[in-house]
Amino acid sequence: MDDIADLQAQLVALRMAVEGAWLSLLGNDGDPVGTVAKLKEANVAAVDQLDATTPNAKALRDTVAAHTAHLWSSIEWQLQQIAANK
């Protein structure tokens, strides 16, 4: 059980690092919210193209696509809050 908790902690730390990196990079963009929307669409579309010939593969692909969309939505929301507070 400790291994699962450690893995979850590592995944949360990785996600926070990814979000932080994108927020930093997009902070200098002329239209960060618009750029995030495009990146979100492109990334989800790329995941949706993964081969999923079995039910388990399809479930995994769909889960990764949903997580990818959630990640980009979170980044988009944070950038919207930053823009609203300027």
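Okay, residues lined up against (1) of a type outside the set (S, T, N, Q); (2) more than 10 Å from the chain's Cα centre (by Cα):
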{"residue": "41", "(1), (2)": "yes, yes"}
{"residue": "59", "(1), (2)": "yes, yes"}
{"residue": "65", "(1), (2)": "yes, no"}
{"residue": "70", "(1), (2)": "yes, no"}
{"residue": "73", "(1), (2)": "no, no"}
Quiz item: Only one residue in 86, 58 is part of a helix (DSSP H, G or I) and open to solvent by 80 Å² or more (accessible area, probe 1.4 Å), so which one is that?
Solution: 58
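Taking the residues in segment 44-55 that are touching a helix residue (DSSP H, G or I) at 6+ places or on another chain (Cβ under 6 Å) and in a helix (DSSP H, G or I) as candidates, determine which candidate is most open to solvent (accessible area, probe 1.4 Å).
48
Quick grid of which residues meet (1) touching a Lys or Arg at 6+ places or on another chain (Cβ under 6 Å); (2) polar (S, T, N, Q); (3) at pLDDT below 95; (4) on the phi > 0 side of the Ramachandran plot:
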residue	(1), (2), (3), (4)
42	no, no, no, no
47	no, no, yes, no
50	yes, no, yes, no
53	no, yes, yes, no
60	no, no, yes, no
Quiz item: Is there any pair with a first residue in segment 16-44 that is farther than 13 Å from residue 82 by Cα and a second that is open to solvent by less than 60 Å² (accessible area, probe 1.4 Å) and outside any helix (DSSP H, G or I) whose Cβ atoms are under 6 Å apart and which are 6 or more apart or on different chains, and what are they?
Solution: 35/29
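The values are calculated or read from the model by the stated rules, or taken from the named source; none is laboratory data. Everything numeric here is computed off the predicted structure, so don't read it as measured data. Every residue, glycine among them, receives a Cβ derived from its backbone with ideal geometry; neighbour counts consider all protein chains shown. Areas reflect the complete protein model, heavy atoms only, side chains present, ligands, DNA and RNA absent. Shrake-Rupley method; radii C 1.70, N 1.55, O 1.52, S 1.80 Å.
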